[in-house]
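Comments concern the structure below.
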Amino acid sequence: MTLQNDLLIRAAKGEKTERVPVWLMRQAGRILPEYRAVRSSVSGFIELAKTPELAAEVTIQPVDLLGVDAAIIFSDILVIPEAMGLPYQMVEKKGPWFENTVSSTSDLAKIHLAEPEQDLSYVLDAIKITKKELNGRVPLIGFAGAPWTIFSYMVEGAGSKTFSKAKKMLYAEPELSHQLLQMITESTIRYLKAQIEAGADLIQIFDSWAGILSPEQYDTFGLKYISQICNAINDVPVTVFAKGAFFARKRMGTLNCETIGLDWNMSVSASRRLIGDSKTLQGNLDPCVLYSSDEEIEKRTIQMLEAFGGHKHIANLGHGVYPDIHPDKVKVFIETVKNWRA
Ligand code: CP3
């Protein structure tokens, strides 16, 4: 199937595009009343994600309702721990929670590598249905969490401000940590290959907790494994988004990937200098700008576009859109990008 709108793919590959493509992290979700309606028809987030027809429906909603240049498959990064033997729950207003965690060699013996065709077939089916229903309108982004971020949840068992239990394990049990990170990495490579096989046109790796590690730890326990993933995925462009990892930008410039995601703390010019000219950059408007007036959103979006220069850029926010942002504000951001020319 040829894509009618392939701006995202061409921009990721560094090709010149007529305009800058735009999508939003967390675009499929609670900002849309249409999403909340579908979600209230099932028991909760996990059932929605495990019902491929509904997952496909909410994946496509932002394409129809917001006019973004890409869809991102509706799922979660936590499906990998579950596929490895640690099921999770999504607790209303609190976030993810795991009954079992990994903190010892005997815990490690109880988990296994993910078998995507068996354990994650619901995601693969959702991708196939979405691709069919999109009918080539825009590319579909597949994704996974980076090993360090997945490790954090598998050790901690829930969200945390500091993830100090996960960090403690890196210092106290480096060997065990590497074993777990390697198992996550291999599971993730299998999973991403299966997503591409099912139809994903681009892959994004989310390292949401990159910024809590020291530069040295991030080299040893973070980038080492991201680099294995990048080397294993060659059929579609790969984006690495390591939130808060300003200290690792130079190393990220050497990863075997096409695009690096920036958060809003990273200045565009310094990022370009550190990462080099070869990669496309994605980002990086502060999500909170979308709480301001339409004029202010327009002004700051244009400032951002000018800073990136209109080439080798995929417009996005610097992190996921917050659930209480009005969809009209998101539209102002999207329309501003679409109307701007370098
Ligand atoms: O639109 C999209 O971006 C696609 C779907 C997507 C979800 N989660 C759906 C979701 C993606 C790409 C993710 C990634 C994800 N999940 C990350 C990495 C990105 C980031 O934000 O840093 C992380 C750390 C998670 C783990 C996670 N999932 C948490 C901490 C939570 C609870 C907090 C929250 O936002 O509610 C989730 C739940 C979740 N994942 C929801 C959605 C739509 C909300 C569930 C609901 O409908 O109530």
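The values are calculated or read from the model by the stated rules, or taken from the named source; none is laboratory data. Worth saying up front: this structure is predicted, and the values here are computed from it rather than measured. In this analysis, Cβ positions are derived from the backbone assuming ideal geometry, glycine residues included, and neighbour counts consider all displayed protein chains. Note: accessible area is taken over every heavy atom of the protein model, side chains too, but ligands, DNA and RNA are not part of it. Shrake-Rupley method; radii C 1.70, N 1.55, O 1.52, S 1.80 Å.
Counting only protein heavy atoms and using a 1.4 Å probe, what share of the accessible area of the chain belongs to carbon plus sulfur, as a whole percent? Don't skip to the end; give the middle numbers.
Working: 6880 of 14090 Å².
Answer for the chain is 49 percent, counting heavy atoms of protein chains only.
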Query raised in the report: Which value, in debye to the nearest 20, describes the size of the charge dipole of the stretch 116-196 about its Cα centre when Lys and Arg Cβ atoms bear +1, Asp and Glu Cβ atoms bear -1, and nothing else is charged?
Result: 340
Requested in this report: State, as an integer percentage, the relative contact order of the stretch 7-339 based on alpha-carbon contacts under 8 Å between residues 6 or more apart.
Outcome: 22
Report summary line: Percent of all Cα-Cα pairs per 5 Å bin for the stretch 139-224, counting from 0 up to the last occupied bin, reads 3, 14, 25, 23, 16, 10, 7, 2, 0
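Around ALA11, with a cut-off of 10 angstrom between Cβ atoms, what is the net charge of the other residues, counting Lys and Arg +1 and Asp and Glu -1? Can you show the working numbers first?
Details: positive: ARG10, LYS13, LYS16, ARG19, LYS312; negative: ASP6, GLU15, ASP69, GLU258.
Spelling it out: positives minus negatives among the neighbours equals +1.
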Query raised in the report: Expressed in whole Å with the largest first, what are the equivalent ellipsoid semi-axes of the stretch 1-148 derived from the C-alpha gyration tensor as the square root of 5 times each eigenvalue?
Result: 30, 19, 14
Query raised in the report: Using mean Cβ contacts within 10 Å as the protection proxy, how do 140-150, 169-179, 53-63 order, highest first?
Result: 140-150, 53-63, 169-179
Report task. Select from the stretch 136-186 those trypsin sites (Lys or Arg not before Pro) which occupy a DSSP coil region and have at most 16 other Cβ atoms within 10 Å, ordered by residue number. Result -> ARG137, LYS161
Query - Student exercise, the chain dipole from Lys, Arg, Asp, Glu Cβ charges, in Debye to nearest 20 - result: 780
Requested in this report: Please work out the C-alpha center-to-center distance from the stretch 1-26 to the stretch 236-291 and express it in whole Å.
Outcome: 17
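Which whole-number value in Å² is the accessible area per residue of the stretch 68-158, probe 1.4 Å? Don't jump to the answer; show the numbers that get you there.
Numbers: 3450 Å² over 91 residues.
Computed with neighbouring chains in place, this is 38 Å² per residue.
Antiparallel versus total DSSP beta bridges in the stretch 7-339: what percent is that, nearest 5?
Numbers: 5 of 29 bridges.
Counting only bridges with both partners in the stretch 7-339, antiparallel ones make up about 15 percent.
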Query raised in the report: In the stretch 7-339, with Lys and Arg counted as +1 and Asp and Glu as -1 at Cβ, which of these residues, VAL330, PHE247, TRP148, has the Cα nearest the positive end of the dipole, that is, farthest along it?
Result: PHE247
Report summary line: For the chain (alpha-carbon point model, no solvent) the Debye-based log₁₀ I(q)/I(0) at q = 0.06, 0.11 Å⁻¹ works out to -0.19, -0.68
Report task. Counting helices only, and only those DSSP H runs with n ≥ 4, report the 222 nm mean residue ellipticity of the chain as the sum of -39,500 (n - 2.57) divided by its residues, in deg cm²/dmol to the nearest 500. Result -> -13000 deg cm²/dmol
**Report entry** Ratio of Rg to Rh over the stretch 202-342 (Cα coordinates, Kirkwood Rh, two decimals)
**Finding:** 0.98
